[in-house]
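Enquirer: I'd like to ask some things about the structure below.
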Amino acid sequence: MIRGVSFSLCLLVVIGSFVLANKQQKPSPPPPPPKVLIIGDSLSVGGFGEVVREHLEHEFGRQNVAFFASCGSSPENWLQNEPVFHTPCGYREKTPTTDVYRDYHNGRRPPAMATPKIETLIERYKPTIVIVQLGTNWMDQTLSDDHIRAVLARFVSAAHRGGTRRMIWIGPPDSSRFSKVQNRIYRLIQQSVWRSDPVIDSRRFTRYLVGKTGGDGVHYNSESGEAWARRVIASIDQVLAADIAARRKVASSR
């Protein structure tokens, strides 16, 4: 009788261990999709920005993407303690609740629009990923390196407030008009962002040919802008895939 009881107890232990093992092996639920905030200048008001935004909305859902682009803007124009910058040449905003587009129409200049502040956008949309496409409009200004570094330090700090895990900076594409100063702007951006925040060097994907790529040495036509966007999207996807994989690994180890 004692042997029968012992066998029964052993059997219960084995069954219990099997059930416990199955519970422990149950896969963790996938992490929620990132919440993405995108900020850009005139290059994002146009076709480039639309292609990038549409891709991110497809990947993570429109409810998780907020997009803002202000023609003529530089990082200082997005900072809370700086004067409000009213863009005279185009504005694009698309969020889960808004859809605003202002651009030239039949040669007529669009109405001036106030550029929002990054601190306000961070507070409102609580992004986990901030994507920045800025820096082009610094290339035709005579600002000192120290001034640009100071602006970048404030901007990067503001972008990392709240729950932001990562900032991705999309550097300016090749520009035949500003070919002599492109390296300087890239150097300052790369020196100022956090080590964990990648800077996508758009010059690797672009070459400005006046009359073919565009007409003013800076802005890209629809075809060239879309080609640039596709290469940038591949870089963004690579960064975000690694980020999501790391989060899943952390979640499964808990």
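The values are calculated or read from the model by the stated rules, or taken from the named source; none is laboratory data. Computed from a prediction, not measured in an experiment: that's the story for all the values here. All Cβ positions, even for glycine, are placed from backbone atoms using ideal geometry, and neighbour counts span all protein chains on display. We work out accessible area using only protein heavy atoms, side chains counted, and drop any ligands, DNA or RNA first. Shrake-Rupley method; radii C 1.70, N 1.55, O 1.52, S 1.80 Å.
Enquirer: Say whether the condition of being more than 16 Å from residue 149 (Cβ to Cβ), among the basic types (Lys, Arg) and over 22 Å from the mean Cα position of the chain (by Cα) is met by at least one residue in segment 174-187.
Expert: So the first thing to find is which residues in segment 174-187 are more than 16 Å from residue 149 (Cβ to Cβ), and the list is 174-180, 182.
Then keep just the ones that are among the basic types (Lys, Arg); that gives 177, 180.
Next cut, over 22 Å from the mean Cα position of the chain (by Cα) only: 177, 180.
Yes, some residue in segment 174-187 is more than 16 Å from residue 149 (Cβ to Cβ), among the basic types (Lys, Arg) and over 22 Å from the mean Cα position of the chain (by Cα).
Enquirer: Pairs needed: first member in segment 153-166, of a type in the set (A, V, I, L, M); second member anywhere, open to solvent by 80 Å² or more (accessible area, probe 1.4 Å); C-beta distance under 9 Å; at least 6 residues apart or different chains.
Expert: Close Cβ pairs satisfying both conditions: 156/194; 158/80.
Enquirer: Among 130, 210, which is the only one that is within 24 Å of residue 34 (Cα to Cα) and either of a type in the set (Val, Ile, Thr) or touching a residue at least 12 places away in the same chain (Cβ under 8 Å) (or both)?
Expert: Working: 210 fails: within 24 Å of residue 34 (Cα to Cα).
Every option except 130 fails the conditions.
Enquirer: Pull up segment 101-121, narrow it to residues that are open to solvent by less than 10 Å² (accessible area, probe 1.4 Å) and of a type in the set (Val, Ile, Thr), then point me to the one that is farthest from residue 236 (Cα to Cα).
Expert: Among them, the one singled out is 115.
Enquirer: Let me ask something else about it. Against the condition small (Gly, Ala, Ser), touching a Leu at 6+ places or on another chain (Cβ under 9 Å), open to solvent by 10 Å² or more (accessible area, probe 1.4 Å) and modelled with pLDDT of 90 or more, how does residue 235 come out, does it pass?
Expert: Judged against the criteria, residue 235 is not a match.
Enquirer: Any chance segment 34-44 includes a residue that's modelled with pLDDT of 95 or more, open to solvent by 10 Å² or more (accessible area, probe 1.4 Å) and acidic (Asp, Glu)?
Expert: Looking through segment 34-44, none of the residues is modelled with pLDDT of 95 or more, open to solvent by 10 Å² or more (accessible area, probe 1.4 Å) and acidic (Asp, Glu).
Enquirer: Got a sec? Which helices (runs of 4 or more DSSP H) wholly within segment 114-192 have at least 1 residues that are farther than 25 Å from residue 93 by Cα?
Expert: By residue number, 145-159, 182-192.
Enquirer: On to the next question. I'd like the full set of residues that are surrounded by fewer than 21 Cβ atoms within 10 Å (Cβ to Cβ) and touching a residue at least 24 places away in the same chain (Cβ under 8 Å), limited to segment 83-100.
Expert: If the condition is that a residue be surrounded by fewer than 21 Cβ atoms within 10 Å (Cβ to Cβ) and touching a residue at least 24 places away in the same chain (Cβ under 8 Å), then 84, 85, 86, 88, 89, 93, 95, 96 are the ones that fit.
Enquirer: Examine segment 8-22 for a residue that is in a helix (DSSP H, G or I), in contact with a Ser or Thr (Cβ under 9 Å, 6 or more places away or on another chain) and either at pLDDT 95 or above or among the hydroxyl-bearing types (Ser, Thr, Tyr) (or both), and state whether such a residue exists. Break it down stepwise before answering.
Expert: Initially, segment 8-22 is screened for residues in a helix (DSSP H, G or I), giving 8-22.
Narrowing the set further to residues that are in contact with a Ser or Thr (Cβ under 9 Å, 6 or more places away or on another chain) leaves none.
No, because not a single residue in segment 8-22 is in a helix (DSSP H, G or I), in contact with a Ser or Thr (Cβ under 9 Å, 6 or more places away or on another chain) and either at pLDDT 95 or above or among the hydroxyl-bearing types (Ser, Thr, Tyr) (or both).
Enquirer: Continuing with this model, one more query. Considering only residues of segment 196-226 that are part of a helix (DSSP H, G or I) and open to solvent by 60 Å² or more (accessible area, probe 1.4 Å), which is modelled with the lowest pLDDT?
Expert: Ranking the candidates gives 222 first.
Enquirer: Has segment 59-71 got at least one residue that is surrounded by fewer than 20 Cβ atoms within 10 Å (Cβ to Cβ) and under 18 Å from residue 109 (Cα atoms)?
Expert: Within segment 59-71, none of the residues are surrounded by fewer than 20 Cβ atoms within 10 Å (Cβ to Cβ) and under 18 Å from residue 109 (Cα atoms).
Enquirer: Let me ask something additional. Just one of 166, 177 is touching a strand residue (DSSP E or B) at 6+ places or on another chain (Cβ under 8 Å), surrounded by 14 or more Cβ atoms within 10 Å (Cβ to Cβ) and modelled with pLDDT under 95; which is it? Walk me through it before giving the result.
Expert: Values: 177 fails: touching a strand residue (DSSP E or B) at 6+ places or on another chain (Cβ under 8 Å).
None of the others qualify; the one that does is 166.
Enquirer: Scanning for something modelled with pLDDT of 95 or more, open to solvent by less than 50 Å² (accessible area, probe 1.4 Å) and out of contact with any Gly (no Cβ under 8 Å at 6 or more places or on another chain), does segment 180-191 turn up at least one residue?
Expert: Yes, segment 180-191 contains at least one residue that is modelled with pLDDT of 95 or more, open to solvent by less than 50 Å² (accessible area, probe 1.4 Å) and out of contact with any Gly (no Cβ under 8 Å at 6 or more places or on another chain).
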